[in-house]
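What follows is a single structure, written as structure tokens, with notes after it.
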Amino acid sequence: MTLDAGLVGRSYPPSAVYEVGREKLAEFAAALGDRDPVYRDPAAARAAGHPDVIAPPTFAIVLSLGAGNVVVEDPDVGIDYSRVVHGEQRFTHHRPIRAGDRLVATASVAAVRSMAGNDMLTTRVDLATEAGEPVCTTTSMLVARGGA
């Protein structure tokens, strides 16, 4: 099935607020094997110029993955998730994610195209504070493999 180019620009309601906790940041850094103290130690983070501990750069996936799923689950998109592979992921940080941030994620369809019988869906998720301060923009390209 070819994705509808008319989907480009479709935006979805913001997610529920996610409060970033120090423990989650430390757990994420540990899972990555990253021992940088700015992810665990408030004093080290302050010494590096941050008001509190910060997130590893890829922590944004914690919020953006769930927010992006709203696109995949949209019946108007009609993508067969059983045939999907993850093609690309990008993070554009406007500032580091910090402990204590209260973030919302807003997903939209950034691009659709077909190539060699495969459908490609690119989603964009904007992470911002409750007050609307941009924090990170993620883009994710999914490839729905065509039939055999």
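Read-outs: derived from the displayed coordinates by stated rules, not from any lab. Note that the structure is a prediction, hence the values are computed from the model and not measured. Cβ coordinates were reconstructed from backbone atoms using ideal geometry, including for glycine residues, and neighbour counts include every protein chain displayed.
Scanning region 91-145 for residues that are surrounded by fewer than 16 Cβ atoms within 10 Å (Cβ to Cβ), closer than 29 Å to A45 by Cβ and among the aliphatic types (A, V, I, L, M) returns a single hit, A131. Here is the figure for region 28-45: residues that are farther than 16 Å from G100 by Cβ, assigned to a helix (DSSP H, G or I) and not small (G, A, S) total 2. Residues that are more than 20 Å from the chain's Cα centre (by Cα) and either assigned to a loop (DSSP other than H, G, I, E, B) or closer than 17 Å to A99 by Cβ (or both) within region 4-27 comprise just one, D4. For region 46-62, the criterion of being over 18 Å from T138 (Cα atoms), in a loop (DSSP other than H, G, I, E, B) and in contact (Cβ under 8 Å) with a residue 60 or more places away in the chain is met by no residue. Scanning region 83-127 for residues that are assigned to a strand (DSSP E or B), under 25 Å from E23 (Cβ atoms) and in contact with a Leu (Cβ under 7 Å, 6 or more places away or on another chain) yields L103, A105, L127. Residues that are of a type outside the set (A, V, I, L, M, F, W, C) and in contact with a Pro (Cβ under 7 Å, 6 or more places away or on another chain) do not occur anywhere in region 65-86. The one condition from (1) surrounded by fewer than 14 Cβ atoms within 10 Å (Cβ to Cβ); (2) more than 25 Å from P134 (Cα to Cα) that R46 does not meet is (2). Of all residues in region 128-148, those that are in a loop (DSSP other than H, G, I, E, B) and over 18 Å from the mean Cα position of the chain (by Cα) total 5. Checking each residue in region 9-33 for being loosely packed, with under 15 Cβ neighbours inside 10 Å and within 24 Å of V125 (Cβ to Cβ) picks out G9, S11, P13, A16, V17, E19, G21, E23, E27, A31, L32. One residue stands out in region 133-148 among those that are of a type outside the set (D, E, K, R) and out of contact with any strand residue (DSSP E or B) (no Cβ under 9 Å at 6 or more places or on another chain): the one that is nearest to L65 (Cα to Cα), namely G147.
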